[in-house]
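Chemist: To start, I am sharing the structure in question, which I have written as structure tokens.
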Amino acid sequence: METDEQTTTTPRMTTARSRELGEELRRIRHRARKSSADTAAALGWSLGKLSKLETGSRGTSPWEIGVLTGRLGADKPTRDRILAIATEPDTGSFLRPHDNHPDTLTALRQNEHAALTITTYQPLTIPDLAQTEDYTHALTGDRTLARNRAARQEVLHGDTRPDTILYVHEAAVRSTVGTPTVMRDQLRHLTLMCDRARTSLRLIPMAAPFHPALARPATILTFTPPTRPLAYVETDTAIAFHDDPDTVAHYETKMRHLDSLALSTADSRDVFARRDDAYDRDTR
């Protein structure tokens with residue numbers, strides 16, 4: 001049996017990929033209804049080894065990953081997916097396909113729940129974390145996706161919620177997604193969100209001078225040190241994650257430009273309320 005002394009290694013900084021791998025392994029163990037102590041004992045591992053693997057703070061060989069997932073009864077597609085994560089090069093960037101359901105990606109949900117801060121921008125739509133379920137459904141035509149997005153937004157509630165800044169371009173506020181009723185309720189939701197503690201909505205007005213930072217979406221998450229910040233960008237079919245410091249610095253610069261163009265939360269709230277009134281008149 002492996003002892004704690006035999007598995008003692010120099011603590012390493014987690015990466016977004018190692019945390020994703022650890023969370024996937026933890027979920028498999030929970031689905032198998034196995035305790036960490038029983039799982040470690042069955043494999044001849046120390047409890048510390050399994051715990052560090054599930055938190056992403058240590059690595060192991062693909063062979064041991066295969067033994068672990070096999071012991072937990074994971075099916076072949078799950079084992080193949082986990083091994084693909086475990087063996088891909090750690091370059092500071094990785095891509096995760098989402099089959100039009102990005103809100104359920106482990107790498108996204110896990111890191112949002114661990115984040116100290118979230119800063120996000122989407123150029124032509126209301127940011128995901130501020131969308132009403134009806135707005136998401138009107139935008140995507142997918143009710144399941146809309147429900148998943150609403151569930152994902154729970155990260156903004158509770159005592160451990162992150163400090164969040166959501167940049168909203170006025171183009172998203174003026175574009176009617178669905179019906180005037182959908183937009184009225186969406187603007188009302190934004191107005192109310194402006195009054196939440198630890199959440200800031202910042203409107204970028206149509207009159208703001210164009211800057212390249214406005215062209216494409218991006219999100220930055222920060223964590224308790226020494227965990228590095230993480231940036232991600234969503235495409236139609238996948239999300240690209242980056243925790244390489246130089247890449248993250250690029251997105252930090254982008255967010256500073258957005259900050260310089262955006263209205264204050266108080267002024268943004270006034271615009272949301274006026275647009276709410278305009279959509280309300282259209283529904284009568």
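Chemist: Using DSSP to call loops (not H, G, I, E or B), can you name the chymotrypsin sites (Phe, Trp or Tyr not before Pro) in region 185-247 whose Cβ has at most 14 other Cβ atoms within 10 angstrom?
Modeler: Values: sites: 210, 223, 232, 241; in loops: 210, 223.
Counting only loop positions with at most 14 other Cβ atoms within 10 Å, the chymotrypsin sites (Phe, Trp or Tyr not before Pro) in region 185-247 are 210.
Chemist: Would you please name the trypsin sites (Lys or Arg not before Pro) within region 162-259 that are DSSP coil residues with at most 14 other C-beta atoms within 10 Å of their C-beta? Spell out each step's value before the answer.
Modeler: Details: sites: 174, 184, 188, 196, 198, 202, 254, 256; in loops: 196, 198.
In loop regions of region 162-259 (DSSP not H, G, I, E or B), the sparsely surrounded trypsin sites (Lys or Arg not before Pro) are 196, 198.
Chemist: Before rounding to the nearest 500, sum -39500 (n - 2.57) across all DSSP H runs of length at least 4 in the chain and divide by the residue total; then give [θ] at 222 nm in deg cm²/dmol. Each step should come with its number before you reach the end.
Modeler: On the way: 13 runs with 140 residues, N = 284.
Theoretical 222 nm ellipticity from helices: -15000 deg cm²/dmol.
Chemist: Which FRET efficiency, nearest 0.05, do residue 144 and residue 71 yield, Cβ-Cβ r, R0 35 Å? Mind dumping the intermediate values first?
Modeler: On the way: r = 32 Å, r/R0 = 0.92.
Given R0 = 35 Å and the Cβ-Cβ separation, E is 0.60.
Chemist: Can you bin every Cα-Cα distance in the chain into 5 Å intervals starting at zero and give me the percent of pairs per bin, rounded to whole numbers?
Modeler: 1, 5, 11, 15, 16, 15, 12, 8, 7, 5, 4, 2, 1, 0, 0
Chemist: Same structure, new question: Give the distance, in whole Å, between the Cα centre of region 133-161 and the Cα centre of region 248-268.
Modeler: 24
Chemist: Subtracting the Cα-Cα distance from 0.36 nm times the residue separation, let me have the gained length for residue 63 to residue 267 in nm, one decimal.
Modeler: Numbers: separation 204, 0.36 × 204 = 73.44 nm, distance 5.66 nm.
Net length gain for the segment: 67.8 nm.
Chemist: OK, next. Rank 270, 90, 38 by mean-square fluctuation in a GNM of the chain with C-alpha springs under 10 angstrom and give only the top-ranked residue.
Modeler: Looking only at 270, 90, 38, the largest GNM fluctuation is found for 38.
Chemist: Go ahead and set up a Gaussian network model of the chain, Cα springs under 10 Å, then flag whichever of 252, 54, 64 fluctuates most.
Modeler: 64
Chemist: Can I ask one more? What distance in nm separates the two pseudo spin-label positions at residue 277 and residue 93, each 7 Å out from Cα along the beta-carbon direction?
Modeler: Simple spin-label model gives 4.7 nm for this pair.
Chemist: Enumerate lysine pairs in the chain that are 8 or more residues apart or on different chains, then count those whose Cα atoms are under 26 Å apart. Write out the running numbers ahead of the final one.
Modeler: Details: 34/49; 34/52; 34/76; 49/76; 52/76.
So the count of such lysine pairs works out to 5.
Chemist: Residues in region 253-284, backbone N under 18 Å from the label point at residue 124 (7 Å along the Cα-to-beta-carbon vector): list them, ranges by number please.
Modeler: None, by backbone N distance to the label point.
Read the figures in this text as sums done on the coordinates, not as results from a lab. Note that the structure is a prediction, hence the values are computed from the model and not measured. Cβ: placed from backbone, ideal geometry, glycine included. Neighbour counts: every protein chain shown.
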